[in-house]
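A quick write-up on the structure given underneath.
The values are calculated or read from the model by the stated rules, or taken from the named source; none is laboratory data. Treat the numbers as computed from the prediction; the structure is a model and nothing was measured. No Cβ is skipped: glycine too gets one built from the backbone with ideal geometry, and neighbour counts run over all protein chains shown.
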Amino acid sequence: MTTDKGLIVKAVSDIYYVDCGEETYACKARGRFRNDKFKPLVGDRVNIEIDFGGSEISACITEVAERQNSMIRPAVANIDLLVIVSAVSLPKPSPAVIDKITAAAEYRDIKPVIVFNKIDEGDPGELIEIYKKTPYPLLSVSAQTGEGIDTLRELVSGKLAALCGNSGVGKSSILNCLCPSAGTQTGEISAKLRRGRHTTRHVELIKGIGGGYIADTPGFSSWEFTGKNHIPCSQLQYCFSEFEEYIGRCKFTSCTHVKEQGCAVIAAVSEGKISEVRHRDYVEMYGELKSINEWEV
Ligand SMILES: Nc1nc2c(ncn2[C@@H]2O[C@H](COP(=O)(O)OP(=O)(O)O)[C@@H](O)[C@H]2O)c(=O)[nH]1
Ligand SMILES: [Mg+2]
Ligand SMILES: [Zn+2]
């Protein structure tokens, strides 16, 4: 029996693939990590125990290091950067989805970056108009022509970054472009699992740039605030970074910035300092979060 330390790079139905540098071991989790209250996540730093005896190597996770952060959608821990991908053509870009993800990231102190992909097929101009008033870095790229990818590569270098966004926006294509060995890395793991190479079914960390890792994640077409995605509605205002300098200047201290008289956030929207679209999405999300009872969370 030997022990080692590593990083969970993939999790598939209770098998965790732990990268220990030289070797990646398929591990089971110890009893106490198998319950639903605390499941290991991709991105977790773990201790494992490896048993070389018998016909097959068996390994199991014995410790999970304290997390810097974690998300459920995508299910990943310890991310430095959440790369939110949106296509400028198809699937149709949705600020409402982008804004839910930026808020979810902010709530967990994860830095979001917004990437507009497929600029070979369309113009990111309208989206840039909305998001240039936020503090989030914006990048326009094409995974097809490679335009803009170098800038993204610099941004993710040495970091644990996760790509997220609707299915079809080009997450896997961007990953392959960023890190040409990604295809092989995903190919290897998928071959073991006898699955197709090109559908991303699980969160998976790809080793690549400047010692960093990038997670490709399965896409989604809607985003719900239930369960572990929940944000208390009173906290939502702090998850829209550009509201920050106006919060506290409203007429009422209990202002929710939805429609109150004398709201400094709404005034900033009228003055064009905050995007109308972002504020509209805030109002919508506020209503949605308010209607979720705490016991449903
Ligand atoms: N024109 C164009 N097509 C792209 C680009 N990036 C991805 N695609 C295409 O969009 C489709 C979905 O890409 P994929 O990477 O699988 O998206 P994912 O579901 O987000 O991983 C594929 O047919 C890609 O070839 C791009 O920059 N330009
Ligand atoms: Mg994909
Ligand atoms: Zn207000």
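Some notes on this structure:
- Scan of the stretch 147-159 for residues that are under 16 Å from the mean Cα position of the chain (by Cα), surrounded by fewer than 20 Cβ atoms within 10 Å (Cβ to Cβ) and outside any loop (DSSP other than H, G, I, E, B), ordered by number: Leu155
- Answer residue from the stretch 234-253, given it is within 9 Å of ligand 3 (Cβ to nearest atom) and either under 23 Å from the mean Cα position of the chain (by Cα) or closer than 22 Å to Ile292 by Cα (or both) and is surrounded by the most Cβ atoms within 10 Å (Cβ to Cβ) among those: Phe243
- Where strands (runs of 3 or more DSSP E) sit wholly within the stretch 62-146, none has at least 3 residues that are touching a strand residue (DSSP E or B) at 6+ places or on another chain (Cβ under 8 Å) and among the acidic types (Asp, Glu).
- The stretch 27-48, residues that are assigned to a strand (DSSP E or B) and surrounded by fewer than 17 Cβ atoms within 10 Å (Cβ to Cβ): Lys28, Asn47
- For beta carbons closer than 7 Å, sequence separation of 6+ or different chains, a first residue in the stretch 237-262 that is outside the structural domain of His279 (by TED's automatic domain parsing) and hydrophobic (A, V, I, L, M, F, W, C) and a second that is in a loop (DSSP other than H, G, I, E, B) and within 16 Å of ligand 1 (Cβ to nearest atom), there are no qualifying pairs.
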